[in-house]
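See below for the structure under consideration.
Values in this text are rule-based calculations from the coordinates and carry no lab data. Quantities reported herein were computed from a predicted structural model and do not represent experimental measurements. Glycine gets a Cβ as well: all are built from the backbone with ideal geometry, and neighbour counts include every protein chain shown.
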Amino acid sequence: MGRIDFVWLGLAAALGACNSAPPEPPPPDLEQAPGWADALRLPELADQDPDPAVFEADLSAKRVPIDYLGGKPTIVWSFEGSVPGPLIRVPRGARVIVRFHNQLEVPTTIHWHGVRLDNAMDGVPEHSQPEVPPGGSFTYDFSVPDAGLFWYHPHVSSAAQVGFGLYGALLVEDSAEPAELGEELVIVLSDMAVNDDGQLQAPDSGGDLATLFGREGQLILVNGKIKPTIHVRPGTRLRLRVLNAAKSRYFQLALAAHSFLEIGSDGGLMSAPRSLERPVLGPAERADLLLNVARTPGANYPLRWVPFDRGYGSTEFRTEEVIAQISVEGEELVPKALPTITRSIAPLPTTDAEPIALRLTQSATTGVLQLGINDVPSWRATPLLAKVGATQVFTIDNEMDWAHPFHLHGFFFQVLRADGSPELPLAWKDTVQVPVKGRVKLVVRYDDRPGMWMFHCHVLDHADAGMMGMINLEADHGH
Ligand code: C2O
Ligand code: CU
């Protein structure tokens, strides 16, 4: 018997003492059986500051064993001993103070992916801070102006460090959002490349070809678990806050007999929801998905990873994989009416925008594989220039045989259609797919946070092979 049933019986008994009317059945509500989602619960980082507007905590990177293969533990790289790292949950507008401690044997940093913070807190070595050496600490102190699902990960040897397990979710909650959207679950999708003996695969295994493809781990993890099961009542509405934290793998999701309603993306809610049969998340992308669980008690629905065409080798000879299960159990729920979910997002005007042309390129001039932007690898690139307050329209052409999730630090953008009008529903994005041999246009307006801001492919093997660049955003001193 669930907790609610106990409460209800107690209440009915109390009422019965002074009123002889027969007790009524419990009202339908969204309560689930105790422990229904334990398989997917992320540990949460505890807030050490009593002020609700300030979140303060210590966060350490360290190696710990996790047993994925059964008896052959893998020494992963973790935040606070878990993969993914603990969920950080804060209200919108909060000040976030994270005292980071590097207990690894190599330098690292934390980048707060998607957060519009000051450049000094962006976690990019050489540009916003020095690397945090082994045994060193760094205090990140910033505010979170936007509601949405963000994440944190290192920005040093990212492909290796993220691939080894260093990532976690940052959920910025908005108290103004309707409460009836559904049972909320933060879902961090990732993968891990582990050898038969349980040891982590070398980050350069497979050589240049693997770099070109972008290395995927063979273990698909959902909140760090292999094929977890959640137990939900028929008719439950779930609100899945999904992040793809894998270094290269795309996640195309499918659930038999169900479709998803996408209500938000990288930067919080979209202007309007849209229905999706098979949501696709490239590395670093987020989706806010509502799912009405079928009213079929006893049914079990496998959530499948479906190969997505991101270029040569991504769909050939690959099969779907079950990555989680939804077991439908108990009494049917009558879900609360879905509130209207809209957000007013004004399209960014592009008339005075400066055009920026970027090509995502591959070269092997000296026999060493180099990826780059406009034929230049990151270590030889000259920063682009922009001024605070300016608007730029990026046209990004992919000249390679593999897709690239293009990510801009520090600022949201809007994706444009070929004719220059905004894609609908309007959404704030920080990462967008540039398909094989395809083109993407986006518009960004820089607010008043000068500094060196990075952009790069979020297939982290590509980024480390040179597909990164910088924007030097200059303060507007006026004249
Ligand atoms: Cu997730 Cu440089 O970013
Ligand atoms: Cu790429």
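The figures follow:
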{"read-out": "Cut-off 19 Å, label 7 Å out along Cα→Cβ of Ile75, residues of region 164-207 by amide N", "value": "164-167, 192-205"}
{"read-out": "Net charge of Cβ neighbours under 9 Å - reference Val54; Lys, Arg +1; Asp, Glu -1", "value": "-3"}
{"read-out": "Span from the region 89-126 Cα centroid across to the region 338-366 one, whole angstrom", "value": "24 Å"}
{"read-out": "Within the chain, longest stretch clear of exposed trypsin sites (Lys or Arg not before Pro) (DSSP loop, no more than 13 other Cβ within 10 Å)", "value": "1-317"}
{"read-out": "Nonlocal amide H pairs with Val54, under 5 Å, H built at 1.01 Å", "value": "Arg95"}
{"read-out": "Three-way shape call for region 354-474 based on the alpha-carbon gyration tensor, with the a/c threshold at 1.5", "value": "oblate"}
{"read-out": "The chain, helix-only ellipticity at 222 nm - DSSP H runs n ≥ 4, -39,500 (n - 2.57), divided by all residues, nearest 500", "value": "-2000 deg cm²/dmol"}
{"read-out": "15 Å beta-carbon shell around Lys387, net charge (K/R +1, D/E -1)", "value": "-4"}
{"read-out": "Helix axis angle, 3-18 relative to the chain longest principal axis, alpha carbon, degrees", "value": "30 degrees"}
{"read-out": "Cα gyration tensor category, rounded, prolate or oblate, for region 359-404 with a/c compared to 1.5", "value": "oblate"}
{"read-out": "Neighbour net charge for Asp204 - beta-carbon separation under 11 angstrom, K R +1, D E -1", "value": "-2"}
{"read-out": "For region 332-343, 3J(HN,Hα) per residue [Karplus equation, 6.51 cos²θ - 1.76 cosθ + 1.60, θ = phi - 60°, Hz, x = Gly/Pro]", "value": "5, 9, 9, x, 5, 4, 6, x, 5, 10, 9, 9"}
{"read-out": "Which of Met467, Met452 has the fewest Cβ neighbours within 10 Å, and the rest in rising order", "value": "Met452, Met467"}
{"read-out": "Cα gyration tensor, region 180-328 - rounded (a/c under 1.5), prolate or oblate", "value": "prolate"}
{"read-out": "Convex hull of the chain built on C-alpha atoms - directionally averaged projected area, nm²", "value": "26.3 nm²"}
{"read-out": "Pairwise centroid distance, computed over Cα atoms, of region 410-477 with region 161-216, Å", "value": "21 Å"}
